[in-house]
Amino acid sequence: MLLYSTLVEFCTNETCPVMSAGPKYEYRWADGVKFKKPIEVSAPAYTALLMEWIEQLLDNERVFPVGAGEPFPPDFVDTVKKIFRRLFRVYAHIYHSHFNQVCELGEEAHLNSLFKHFIFFSNHFDLIVPQEIAPLQELVDKILK
């Protein structure tokens, strides 16, 4: 999430003490290993934990095999869906909490383009369930129209 890194001065533990996408959607962090039960964390902490978690998954050859002909694990699709669901939450947070800053930085077209590709890909492969899209439903509907 290179684009997110341009927002670190705006998205801090003080300005975003809870990972959210507006008042109706708050997200807790759990990875099943270090954090077995969902805990409330700030948006920057959630994003950092997410990126670390994804990197660990990508580096794990049992989850993402690298050898030609190596089979994917039975839970591969579920793992990818979880990754996409959590990445969507970062987009939702950016749009709900930092869109003005994105515009001020002249990054609106980049954000919209990245999100559009993300939505087309996740929609094509059914990676995010409709309930998860709710915080950005209007925007997603415009993209998929």
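The values are calculated or read from the model by the stated rules, or taken from the named source; none is laboratory data. Not measured: the values here are computed from a predicted model. Cβ sites come from the backbone with ideal geometry, for glycine too, and all protein chains shown count toward neighbours. In case anyone asks, the SASA skips ligands and DNA or RNA and just uses the protein heavy atoms, side chains included. Shrake-Rupley method; radii C 1.70, N 1.55, O 1.52, S 1.80 Å.
Some notes on this structure:
- Test result for residue 65, over 21 Å from residue 140 (Cβ atoms) and in contact with a strand residue (DSSP E or B) (Cβ under 9 Å, 6 or more places away or on another chain): no
- Residue within region 35-52 that is assigned to a loop (DSSP other than H, G, I, E, B) and aromatic (Phe, Trp, Tyr) present: yes
- Qualifying residue in region 75-95 (condition: basic (Lys, Arg) and more than 23 Å from residue 44 (Cα to Cα)): no
- Restricting 66, 80 to residues that are in contact (Cβ under 8 Å) with a residue 24 or more places away in the chain and out of contact with any Ser or Thr (no Cβ under 9 Å at 6 or more places or on another chain) narrows the list to 80.
- Taking every residue in region 132-145 that is touching a residue at least 60 places away in the same chain (Cβ under 8 Å) and pairing it with any residue that is open to solvent by less than 50 Å² (accessible area, probe 1.4 Å) and not in a helix (DSSP H, G or I), at least 6 positions away or on another chain, the pairs with Cβ-Cβ distances below 8 Å are 135/21; 135/22; 136/21.
- Selection within region 2-17 - open to solvent by less than 70 Å² (accessible area, probe 1.4 Å) and in contact with a helix residue (DSSP H, G or I) (Cβ under 7 Å, 6 or more places away or on another chain): 3, 4, 7, 10, 11, 12, 16
- Criterion: part of a loop (DSSP other than H, G, I, E, B), among the acidic types (Asp, Glu) and over 27 Å from residue 110 (Cβ atoms) - qualifying residue of 61, 9, 14: 61
- Taking region 19-34 as the range and being loosely packed, with under 15 Cβ neighbours inside 10 Å and in a loop (DSSP other than H, G, I, E, B) as the test, the residues that pass are 22, 23, 24, 30, 32, 33, 34.
- Set side by side, the residues 13, 60 differ, and just one is over 17 Å from the mean Cα position of the chain (by Cα), more than 26 Å from residue 138 (Cβ to Cβ) and in contact (Cβ under 8 Å) with a residue 24 or more places away in the chain, which is 13.
- Residues of region 29-51 that turn out to be hydrophobic (A, V, I, L, M, F, W, C) and modelled with pLDDT under 95, as a count: 2
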